[in-house]
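Notes for the one structure printed next.
The values are calculated or read from the model by the stated rules, or taken from the named source; none is laboratory data. Just so you know, these numbers come straight off a predicted model, no measurement behind them. Reconstructed Cβ throughout: ideal geometry from the backbone, glycine too, with neighbour counts over all protein chains shown.
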Amino acid sequence: MHVNPLDIIFPKRCVVCGEKGYYLCSSCYSAIDCFEGLCLKCGSFLKSGFFHGCGLCIAEEFPFNGVVAMYPYDSVKRILYSFKYTASVAAHRAMELLVEKALGRMDVFADIFKGCDVIVPVPMHWRKRLVREFNHAEVFSKLISEATGIPTANLLKRVKNVKSQVGLPRRERLRNQEGSFKAEGVKGLNVVLVDDVATTLSTLREASRVLKDRGTASIWCVVFARAQLGKGLESI
């Protein structure tokens, strides 16, 4: 039996619980459940079922067709932290397994990707990329591309280096993102815009607005995790 020398030097450990021999052990894999209910208009949590519109977004207008999240943020936050801030191989492999799981179990994705021309990741400003070394949304888009066979392309460019969104209220997040993006070569395309996490939807709103202004035919947003701030409009 062939043994990878790297597994001896850097033994596999589950990114969630630390069990040896796995990037994501079977117990943790089984414990992380895909969404069974979502508002497809704003991506807010529902107890069961997928509906386009809910009490939180009934009066809202968005530049995108809808938002679909794979997992609640709380269930995957350790994986995301390891992936984004330590470039963990285990976290990357765990995300790959969970993307495959969500695409296989959530029927809504079949309709979204059926007419999709291209998968577009939310871009990262070059200054931030120098610090992080990679764009997590771009890696996520490639995982989806590999699973679906749909090409991914960097058709958005971030032209404004916004301050961190962490801890900002919804309205300030929206102002923070204004004028952040430029898009080229998207006219007439059915786009799936992807990011790792959505909270107030401020980034997805602004990126989608720019794509729509440049003539995209449709825009669906797909995120790995959806964080819920609370009840009321401040949550979206």
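Conditions (1) surrounded by 13 or more Cβ atoms within 10 Å (Cβ to Cβ); (2) closer than 21 Å to PHE45 by Cβ; (3) at pLDDT 75 or above, marked per residue:
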| site | (1), (2), (3) |
| --- | --- |
| LYS160 | yes, no, no |
| PRO169 | no, yes, no |
| GLU206 | yes, no, yes |
| SER218 | yes, no, yes |
| VAL223 | yes, yes, yes |
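The number of residues in segment 67-84 being over 16 Å from SER30 (Cα atoms), surrounded by fewer than 18 Cβ atoms within 10 Å (Cβ to Cβ) and of a type outside the set (Lys, Arg) comes to 1.
Each residue in segment 85-113 was checked for being of a type in the set (D, E, K, R) and under 19 Å from LEU193 (Cα atoms), and 4 of them qualify.
When every residue of segment 82-103 is checked against the conditions, at least one turns out to be acidic (Asp, Glu) and at pLDDT 95 or above. Summed over segment 19-70, residues that are of a type in the set (Asp, Glu) and within 18 Å of THR200 (Cβ to Cβ) total 2.
State whether one or more residues within segment 182-199 are within 30 Å of LYS101 (Cβ to Cβ), hydrophobic (A, V, I, L, M, F, W, C), out of contact with any Cys (no Cβ under 8 Å at 6 or more places or on another chain) and at pLDDT below 95. Taking every residue of segment 182-199 in turn, at least one turns out to be within 30 Å of LYS101 (Cβ to Cβ), hydrophobic (A, V, I, L, M, F, W, C), out of contact with any Cys (no Cβ under 8 Å at 6 or more places or on another chain) and at pLDDT below 95. Would you say LEU204 is hydrophobic (A, V, I, L, M, F, W, C), in contact (Cβ under 8 Å) with a residue 40 or more places away in the chain, assigned to a helix (DSSP H, G or I) and under 21 Å from LYS142 (Cα atoms)? Yes, satisfied. In segment 23-111, counting only strands (runs of 3 or more DSSP E) that sit wholly within it, the ones holding 1 or more residues that are without any contact (Cβ under 8 Å) to a residue 60 or more places away in the chain and closer than 30 Å to GLY215 by Cα span 37-39, 49-51.
Conditions tested, residue by residue: (1) surrounded by fewer than 16 Cβ atoms within 10 Å (Cβ to Cβ); (2) on the phi < 0 side of the Ramachandran plot; (3) in contact with a helix residue (DSSP H, G or I) (Cβ under 8 Å, 6 or more places away or on another chain).
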{"position": "GLY49", "(1), (2), (3)": "yes, no, no"}
{"position": "HIS52", "(1), (2), (3)": "yes, yes, no"}
{"position": "LEU56", "(1), (2), (3)": "no, yes, yes"}
{"position": "ASN65", "(1), (2), (3)": "no, yes, no"}
{"position": "THR86", "(1), (2), (3)": "yes, yes, no"}
{"position": "VAL99", "(1), (2), (3)": "no, yes, yes"}
{"position": "ARG105", "(1), (2), (3)": "yes, yes, no"}
{"position": "LYS114", "(1), (2), (3)": "yes, yes, no"}
{"position": "VAL122", "(1), (2), (3)": "no, yes, yes"}
